[in-house]
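Encoded as structure tokens, the structure appears first; notes follow it.
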Amino acid sequence: MHQTPEGKTVRIVIAQCSVDYSGRLDAHLEPAKRLLVIKKDGSVLVHSDGGSYKPLNWMSPPATITEVEVGSADKKAGVIESWAVAADKTDDVLLINIYEIFHDITEDLGEEPGLIKDGVEAHLQKLLAEQVNVLGKGLELVRREYPTAIGPVDLMLLDDAGGHVAVEVKRRGEIDGVEQLTRYLELLGRDTTLQPLRGIFAAQEIRPQARVLAEDRGIECVVLDYDAMRGMDNPEDRLF
């Protein structure tokens, strides 16, 4: 049989098979047509046509896959191949008995660029730096990631009265975000060149408790419309 795929390849097999798991727990799957996914890291996933993304059974990496001799009783039952997937660090073993293989492919997936989440705080911060008017009239960007002794505040702005505005940007505004901005304001307030100084807590959603705390501390709250900032929502096209 194919061993664990090399490089960045994955092996996908659709087969009539039974599965037995032994180790920290014992489990058995009767023969049925299933999807087997074998990854480079040694992990093996056994899927049915249901259950969403969750496999029926699996072996986590690191693991070693080998083909073992089919016993006489299994041969009489129609088994043509037996795969033993053994965990490298425990005694767990996944035994897959193959009765028939319908499809068996090995594919090179290439380099994985990684997940890029749409709307993460960094992107939101970048958009806001380009559209500071969303936070109010007469604002001008001084710089992004304005440094403090405990880390940078997301944006530092200048208002039309000559005052500075420290802005903390979140996807979801929670109490801890307000506390974070409070600490930044305390440190920045020691710099006389930044006076007068105020804070804005900006997020796509601000929890009621966070809003109450922010307003109690003199921090303004602004809810951001991410789609509008990206140009995906034209207010003129709205019915309401």
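The values are calculated or read from the model by the stated rules, or taken from the named source; none is laboratory data. All values reported here derive from a predicted model rather than from experimental measurement. Using ideal geometry, Cβ is built from the backbone for each residue, glycine included, and neighbour counts are taken over all protein chains shown. What goes into the accessible areas is simple: the full protein's heavy atoms, side chains included, and nothing from ligands, DNA or RNA. Shrake-Rupley method; radii C 1.70, N 1.55, O 1.52, S 1.80 Å.
Numbers below:
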{"read-out": "Additional length obtainable on full extension of the chain from Lys137 to Lys33, 0.36 nm per residue less Cα span", "value": "31.1 nm"}
{"read-out": "Degrees between helix 175-188 axis and first principal axis of the chain (Cα, 0 to 90, nearest 10)", "value": "50 degrees"}
{"read-out": "Region 163-188 residues near the modelled Glu220 label - backbone nitrogen below 18 Å, point 7 Å along Cα→Cβ", "value": "163-170, 178, 181-182, 185-186"}
{"read-out": "Within-11-Å neighbourhood charge of Arg198 [Cβ basis; K, R +1; D, E -1]", "value": "-1"}
{"read-out": "Label point distance in nm, Lys89-Thr106, each placed 7 Å from Cα along Cα→Cβ", "value": "2.7 nm"}
{"read-out": "Helix 121-130 vs. the chain, principal-axis angle (Cα, 0 to 90°, nearest 10)", "value": "40 degrees"}
{"read-out": "Accessible area of Ile150 in the full protein assembly, 1.4 Å probe (Å², nearest 10)", "value": "100 Å²"}
{"read-out": "Calculated FRET efficiency for the pair Gln209/Leu158, C-beta based, R₀ 35 Å, to 0.05", "value": "0.70"}
{"read-out": "Exposure of Thr193 as accessible area (Å², to 10), given a probe of 1.4 Å and all protein chains", "value": "100 Å²"}
{"read-out": "Rounded percent of accessible protein surface that carbon and sulfur make up, the chain, 1.4 Å probe", "value": "51 percent"}
